[in-house]
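Undergrad: Please read through the structure below; I'll follow up with questions.
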Amino acid sequence: MAASLLPASFSIPKEGKSSVSLKDSTFFGLPLSEPLKADFGSSALRYKREFQQRVCVVRAETVATTTPAVNKSAPEGKKTLRKGSVVITGASSGLGLATAKALAETGKWHIIMACRDYLKAARAAKSAGMAKENYTIMHLDLASLDSVRQFVDTFRRSGMPLDVLVCNAAVYLPTAKEPTFTAEGFELSVGTNHLGHFLLARMMLEDLNKSDYPSKRLIIVGSITGNTNTLAGNVPPKANLGDLRGLAGGLNGLNSSAMIDGGDFDGAKAYKDSKVCNMLTMQEFHRRYHEETGITFASLYPGCIATTGLFREHIPLFRTLFPPFQKYITKGFVSEDEAGKRLAQVVSEPSLTKSGVYWSWNKTSASFENQLSQEASDAEKARKVWEISEKLVGLA
Ligand code: LMG
Ligand code: NDP
Ligand code: PMR
């Protein structure tokens, strides 16, 4: 079985530049070191078995009681929910890792960490103190649509249900002078943050639909910096998708611009544009599928987590000054832990089931429904981004 799950190759960035290719010793499409192999292999297989048993129990009960995902055999007749199964992209650092940790600590969730770097994810989960039975790592490189399709295939073969999908991973390339590209030739920021997630979310809608969990959710992480109705969103370069001519041209920088609006390449703008696409996509999902499926579609701004890997490409001076600037001047700073708790709420809080919402938190860390900018709530633009994106990723 393992052989059919092998990717053609897998590369590990070496000092962030060159890469080596590993073609053997993989599981779930991931390279494994010897000590990890034992851990991972056994826990994933054990998990698969346990999950199938549990799901069978649940299914059987569903038929009998029509109460999905509820196990009535708990003591004192209390209804206990089976463990939720959540996929989080980019769970190897920052917000994704903190969310995985927060959910793992409740004991109520099994987290599928969908990451491009297996070893990094394994180390991160370990140092976050996550218990092995609470997570599975699966390879996903959002900068390759083949990898996205392979991830979905691997996930389905694992037999785990999908109750919540969190599209969290992102890259930010503020100092790049020239665009770089995904495997299919899309500008890397929009290609990874938007198009990779767009294909993933579209494909996995089917899996969410099959789940018998009472509250199914699809969450796409947004940001204040894509919203020009805020001060932060007005720091140049500002997000602006224009008439989408660059996106329609495939963002390849050859016969079309690498930027969505058709302008000159600017890495910071490309990131902010990608976040606008993320927020528009969430709303378009809501309009197209919420009524029919009951799935909750949501986006959020978790606060300014100024210490994450997101700023790894920024100049050192920025990385030094940005956290104190956010802490003491804008006061928009949140720790990774706090931000992880916020996203974990959007995953699991019974009170946050409203669909089509962009969540934010106030100074006392209470959630509220925030207003998106004009562009980020433009239904016509959302429809166009959706239609162009489905052509680009091969769905239409
Ligand atoms: C651009 O870089 C890129 O060129 C562009 O390509 C694109 O990537 C864009 O948006 C992305 O970024 C610009 C960036 C790089 O510089 C800035 O934008 C400057 C602002 C960065 C934020 C840090 C401000 C630091 C403020 C200092 C305070 C820190 C200490 C707090 C302690 C508090 C104690 C109570 O360039 C740099 O990163 C260089 C940074 C140089 C700093 C220049 C300072 C200008 C400051 C203005 C800020 C306002 C603060 C008011 C100060 C009040 C003081 C009490
Ligand atoms: P990090 O850089 O810490 O985390 C980003 C994650 O995305 C990493 O796990 C990274 O993997 C992963 N990733 C990047 N490229 C790919 C890829 N091609 N395939 C798979 N995974 C990939 O940043 P943050 O935690 O800050 O960012 C998480 C989310 O939060 C993003 O959507 C960001 O836009 C959003 N956000 C962040 C804010 C902040 O202030 N930091 C504010 C508002 C929103 P690897 O570990 O291998 O690099
Ligand atoms: Mg911004 C109210 C103030 C506020 C908030 C909440 C943020 C969040 N920022 C604010 C204000 C300012 N920022 C001001 C006044 C400036 C000019 C000094 C400023 C600058 C700035 C830079 C250069 N801010 C930045 C950058 C980045 O490179 C980050 C970025 O835009 O990445 C796309 C960033 C951010 N500010 C934020 C947040 C959350 C970011 C991180 C990016 C994101 O995830 O969206």
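Undergrad: Hey, does region 189-198 have a residue that's touching a Phe, Trp or Tyr at 6+ places or on another chain (Cβ under 9 Å) and in a loop (DSSP other than H, G, I, E, B)?
TA: No: zero hits.
Undergrad: Let me ask you something else. Is there a residue being within 12 Å of ligand 2 (Cβ to nearest atom) and of a type in the set (A, V, I, L, M, F, W, C) anywhere in region 201-217?
TA: Going through region 201-217, the residues within 12 Å of ligand 2 (Cβ to nearest atom) turn out to be none.
No, every residue in region 201-217 fails to be within 12 Å of ligand 2 (Cβ to nearest atom) and of a type in the set (A, V, I, L, M, F, W, C).
Undergrad: Can you name the residue in region 369-396 that is in contact with an Asp or Glu (Cβ under 6 Å, 6 or more places away or on another chain) and modelled with pLDDT of 95 or more and is also surrounded by the fewest Cβ atoms within 10 Å (Cβ to Cβ) among such residues? If you could, list the steps in order and put the result at the bottom.
TA: Step one: list which residues in region 369-396 are in contact with an Asp or Glu (Cβ under 6 Å, 6 or more places away or on another chain), which gives 382, 386, 396.
Applying the additional criterion that residues be modelled with pLDDT of 95 or more yields 382, 386.
Numbers: 382: 24, 386: 21.
Applying the filter and picking the extreme gives 386.
Undergrad: Anything in region 86-139 that is more than 24 Å from residue 215 (Cα to Cα), within 16 Å of ligand 3 (Cβ to nearest atom) and of a type in the set (Ser, Thr, Tyr)? List them, or say none.
TA: 93
Undergrad: Among the residues of region 329-362, write down those that are within 12 Å of ligand 3 (Cβ to nearest atom) and over 18 Å from residue 86 (Cβ atoms). Give the steps one after another, and end with the answer.
TA: First, the residues of region 329-362 that are within 12 Å of ligand 3 (Cβ to nearest atom): 329-334, 339, 360-361.
Across region 329-362, the qualifying residues are 329, 330, 331, 332, 333, 334, 360, 361.
Undergrad: On to the next question. When region 261-278 is examined, which residues are found to be over 15 Å from residue 242 (Cα atoms) and away from ligand 2 (no atom under 11 Å from the Cβ)?
TA: 267, 268
Undergrad: Against the condition over 30 Å from residue 327 (Cβ atoms), within 16 Å of ligand 2 (Cβ to nearest atom) and part of a helix (DSSP H, G or I), how does residue 233 come out, does it pass?
TA: Working: over 30 Å from residue 327 (Cβ atoms): no; within 16 Å of ligand 2 (Cβ to nearest atom): yes; part of a helix (DSSP H, G or I): yes.
Spelling it out, it is not the case that residue 233 is over 30 Å from residue 327 (Cβ atoms), within 16 Å of ligand 2 (Cβ to nearest atom) and part of a helix (DSSP H, G or I).
Undergrad: If you don't mind, there's one more thing I want to ask. Of the numbered conditions (1) within 16 Å of ligand 3 (Cβ to nearest atom); (2) among the acidic types (Asp, Glu); (3) over 19 Å from the mean Cα position of the chain (by Cα), residue 273 fails exactly one; give the number of that condition.
TA: In the conditions (1) within 16 Å of ligand 3 (Cβ to nearest atom); (2) among the acidic types (Asp, Glu); (3) over 19 Å from the mean Cα position of the chain (by Cα), residue 273 misses (3) alone.
Undergrad: Considering 270, 298, which residue is under 30 Å from residue 208 (Cβ atoms), within 16 Å of ligand 1 (Cβ to nearest atom) and not polar (S, T, N, Q)?
TA: Details: 298 fails: within 16 Å of ligand 1 (Cβ to nearest atom).
The match here is 270.
Listed here are the residues, each with its yes/no results for (1) in contact with a Pro (Cβ under 7 Å, 6 or more places away or on another chain); (2) crowded, with 19+ Cβ neighbours inside 10 Å; (3) closer than 21 Å to residue 311 by Cβ.
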| residue | (1), (2), (3) |
| --- | --- |
| 196 | no, yes, yes |
| 243 | no, no, no |
| 285 | no, yes, no |
| 293 | no, no, no |
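Undergrad: Test residue 305 against the stated conditions and say whether it is in contact (Cβ under 8 Å) with a residue 40 or more places away in the chain and more than 12 Å from ligand 2 (Cβ to nearest atom). Show your work before the answer.
TA: Numbers: in contact (Cβ under 8 Å) with a residue 40 or more places away in the chain: yes; more than 12 Å from ligand 2 (Cβ to nearest atom): no.
When the stated conditions are applied, residue 305 does not pass them.
Undergrad: Any idea which of (1) more than 16 Å from ligand 3 (Cβ to nearest atom); (2) part of a loop (DSSP other than H, G, I, E, B); (3) polar (S, T, N, Q) is the one residue 175 doesn't satisfy?
TA: Checking residue 175 against (1) more than 16 Å from ligand 3 (Cβ to nearest atom); (2) part of a loop (DSSP other than H, G, I, E, B); (3) polar (S, T, N, Q), the one that fails is (1).
Undergrad: Also, quick follow-up: Does at least one position in region 81-91 carry a residue that is on the phi > 0 side of the Ramachandran plot and either at pLDDT 95 or above or among the β-branched types (Val, Ile, Thr) (or both)? Quick ask: steps written out before the conclusion?
TA: The first filter runs over region 81-91 and keeps only residues on the phi > 0 side of the Ramachandran plot, leaving 90.
From the residues that got through so far, the ones that are either at pLDDT 95 or above or among the β-branched types (Val, Ile, Thr) (or both) too are 90.
Looking for residues that are on the phi > 0 side of the Ramachandran plot and either at pLDDT 95 or above or among the β-branched types (Val, Ile, Thr) (or both), one finds at least one in region 81-91, hence yes.
Undergrad: One residue is enough: does region 160-171 have a residue meeting the conditions part of a loop (DSSP other than H, G, I, E, B), surrounded by fewer than 20 Cβ atoms within 10 Å (Cβ to Cβ) and within 11 Å of ligand 2 (Cβ to nearest atom)?
TA: no
Undergrad: Among the residues that make up region 175-186, is at least one of them more than 27 Å from residue 241 (Cβ to Cβ), touching a helix residue (DSSP H, G or I) at 6+ places or on another chain (Cβ under 6 Å) and among the β-branched types (Val, Ile, Thr)? Give the derivation first.
TA: Narrowing region 175-186 to residues more than 27 Å from residue 241 (Cβ to Cβ): none.
Checked region 175-186: no residue is more than 27 Å from residue 241 (Cβ to Cβ), touching a helix residue (DSSP H, G or I) at 6+ places or on another chain (Cβ under 6 Å) and among the β-branched types (Val, Ile, Thr).
Undergrad: Separate question: Suppose we keep only residues that are surrounded by 19 or more Cβ atoms within 10 Å (Cβ to Cβ) and among the β-branched types (Val, Ile, Thr) within region 341-368. Which one would you say is nearest to residue 100 (Cα to Cα)?
TA: Across region 341-368, the extreme among qualifying residues is 347.
Undergrad: Right, another one. It is to be established whether one or more residues within region 203-213 are out of contact with any Lys or Arg (no Cβ under 9 Å at 6 or more places or on another chain), in a loop (DSSP other than H, G, I, E, B) and farther than 15 Å from residue 90 by Cβ.
TA: Among the residues of region 203-213, at least one is out of contact with any Lys or Arg (no Cβ under 9 Å at 6 or more places or on another chain), in a loop (DSSP other than H, G, I, E, B) and farther than 15 Å from residue 90 by Cβ, which makes the answer yes.
Undergrad: Check residue 357 against each of (1) within 14 Å of ligand 2 (Cβ to nearest atom); (2) under 20 Å from residue 233 (Cβ atoms) and name the one condition it does not meet.
TA: (1)
The values are calculated or read from the model by the stated rules, or taken from the named source; none is laboratory data. If you're wondering where the values come from, they're calculated on a predicted model, not measured in any experiment. So basically every Cβ, Gly included, is an ideal-geometry build from the backbone, and we count neighbours across all protein chains shown.
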